[in-house]
Amino acid sequence: MVSSADTRWDGLIVGASLATLDADAGYGAIEDGALGWRDGMLSYVGPRAALPDSPAALAEQVVDADGGWITPGLVDCHTHLVFAGDRAGEFEQRLQGASYEQIARAGGGIVSTVRATRAADEQQLLAQSLPRAQALLADGVTTLEIKSGYGLDYDNERKMLRVARRIGEALGVGVRATFLGAHALPPEFAGDPDGYIDRVCEWLPRLHGEGLVDAVDAFCERIGFDAVQTRRVFETARTLGLPVKLHADQLSDGQGAALVAEFGGLSADHVEHTSLDGVRAMAEHGTAAVLLPGAFHVLRETKLPPLDEFRAQHVPMAVATDCNPGTSPLQSLRLAMSLACTHFKLTPEEALRGATVHGARALGLSDRGALRVGARADFVHWAVSRPAELCYWLGGGLARSVYAGGRKLV
Ligand code: NIG
Ligand code: FE
């Protein structure tokens with residue numbers, strides 16, 4: 001019996017089915033479920049019929065969900081949503097036949113967003129970026145990763161990371177900030193990528209010292225940085241005890257997946273061109289694959305990631321928005337899940353697992369991503385009659401309520 005005042009829960013929601021995702025396979029479905037929480041953590045996950053007392057005796061506040069499904073809060077483990085301006089002009093250029101690489105080599109692409117981001121002050125950057133995080137939250141995201149990488153000098157990378165932290169504080173969602181200084185070569189270092197990497201390796205300990213960095217990423221690609229340069233950034237991260245992840249094998253097979261796996265990295269992201277050796281290295285070192293179907297869709301890519309190999313080798317597949325102004329101006333993780341089903345033939349269950357359990361794993365977070373007692377009370381109540389609808393509907397306001405750390409945010 002749980003009824004004395006000091007053991008009462010802060011909240012209890014009853015009357016919805018639960019998709020707990022708390023097992024290696026399946027939705028972990030509980031029909032007519034109940035979810036209790038206390039001090040920001042889940043205190044009960046199970047059938048309503050198995051509650052130890054009447055709801056009113058158990059919790060301060062009882063919500064009757066009146067149907068629908070409750071899932072873990074979604075985890076968007078790869079975004080670049082802090083930036084200024086937009087690149088709708090490049091979207092039009094690509095529709096006329098220009099490629100992403102051609103635009104980048106002609107001085108557009110990432111570097112054009114760098115110009116706009118440098119020109120914005122911290123408050124302006126926050127004002128432009130916050131609505132994108134709000135859009136993700138409205139569609140069920142309770143934890144998101146945000147990368148730097150449009151500053152490309154110390155002050156502007158710092159400004160981006162500070163804005164990332166401020167978004168978490170302003171919205172009450174979990175934010176993991178990733179330093180992506182090695183995203184592109186800024187114009188002032190033209191012809192001297194090694195000199196730029198020297199700077200990146202100097203900035204990282206300073207930014208980390210300010211508590212602004214949770215992980216380190218790089219863009220290992222023909223139009224980014226090579227494996228030797230990436231390795232130098234990763235070695236600096238390692239001396240600081242920071243986890244690494246990598247934009248790997250997006251446009252070509254640069255052996256990026258194997259490189260980040262060698263460093264015990266959290267994830268290799270994009271991975272369309274990853275070879276079987278890369279998949280094996282990821283499996284061996286426990287590195288997750290982060291699938292980014294938004295960029296695949298926008299760039300009209302045709303090369304699929306090695307999905308069957310990931311499955312065969314039990315490499316966890318996360319799904320994320322990659323929200324960025326160039327390749328993926330996508331502000332709904334649910335839509336990314338849908339694109340993962342349509343383009344990559346993930347099952348809706350794999351897509352949901354990718355945006356919860358495996359998304360959390362790709363951020364190194366073990367306290368969220370599934371509904372289980374002791375996990376953070378991050379959950380979403382959806383107006384759907386079966387979980388596959390989360391991937392089936394393109395758009396639409398399906399989230400009835402969104403809770404993070406037991407606080408109702410939507
Ligand atoms: O994940 N590939 C590098 N970074 C981003 C694109 C950033 C941009 O074009 O602004 C990506 O696709
Ligand atoms: Fe990205």
Query - Condition check for Ser366: among the hydroxyl-bearing types (Ser, Thr, Tyr) and either farther than 30 Å from Arg280 by Cβ or at pLDDT below 95 (or both) - result: no
Quick check, is Val82 away from ligand 2 (no atom under 16 Å from the Cβ) and under 19 Å from the mean Cα position of the chain (by Cα)? no
The residue that is surrounded by the most Cβ atoms within 10 Å (Cβ to Cβ), considering only those in region 58-117 that are on the phi < 0 side of the Ramachandran plot and among the acidic types (Asp, Glu), is Asp76
Restricting attention to region 383-400, the residues that are assigned to a strand (DSSP E or B) and over 20 Å from the mean Cα position of the chain (by Cα) number exactly 1
Taking the conditions exactly as written (among the hydrophobic types (A, V, I, L, M, F, W, C) and over 16 Å from Tyr154 (Cβ atoms)), does Phe179 satisfy them or not? no
With criteria (1) among the basic types (Lys, Arg); (2) within 25 Å of Gly149 (Cα to Cα); (3) surrounded by fewer than 18 Cβ atoms within 10 Å (Cβ to Cβ), Arg361 comes up short on (3)
Given the conditions (1) touching a residue at least 60 places away in the same chain (Cβ under 8 Å); (2) surrounded by 24 or more Cβ atoms within 10 Å (Cβ to Cβ), every one holds for Cys391 apart from (1)
Going through region 260-297 in order, the residues found to be surrounded by fewer than 24 Cβ atoms within 10 Å (Cβ to Cβ) and among the acidic types (Asp, Glu) are Glu262, Glu272, Asp277, Glu284
- Query: Quick one: would you say Ala261 is without any contact (Cβ under 8 Å) to a residue 40 or more places away in the chain, closer than 19 Å to Val319 by Cα, more than 16 Å from ligand 1 (Cβ to nearest atom) and touching a Ser or Thr at 6+ places or on another chain (Cβ under 6 Å)?
  - Reply: yes
Note on Gly256: of the conditions (1) without any contact (Cβ under 8 Å) to a residue 24 or more places away in the chain; (2) within 13 Å of ligand 2 (Cβ to nearest atom), unmet is (1)
In region 106-140, anything hydrophobic (A, V, I, L, M, F, W, C), away from ligand 2 (no atom under 16 Å from the Cβ), modelled with pLDDT of 95 or more and over 13 Å from Ala164 (Cα atoms) is listed as Ala116, Ala119, Ala120, Ala135, Leu137, Ala138
Going through region 349-376 in order, the residues found to be more than 18 Å from the chain's Cα centre (by Cα) and over 13 Å from Ala19 (Cβ atoms) are Val373, Gly374, Ala375
I'd like to know if region 245-252 contains one or more residues that are at pLDDT below 95 and out of contact with any Leu (no Cβ under 9 Å at 6 or more places or on another chain).
yes
Considering residues that are of a type in the set (A, V, I, L, M) and within 15 Å of ligand 1 (Cβ to nearest atom), the number found within region 147-193 is 6
Those residues of region 346-368 which are among the polar types (S, T, N, Q) and under 17 Å from Gly140 (Cα atoms) amount to Thr356
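The values are calculated or read from the model by the stated rules, or taken from the named source; none is laboratory data. It should be emphasised that the depicted structure is a prediction, and the values quoted were computed from it without experimental measurement. All Cβ positions, even for glycine, are placed from backbone atoms using ideal geometry, and neighbour counts span all protein chains on display.
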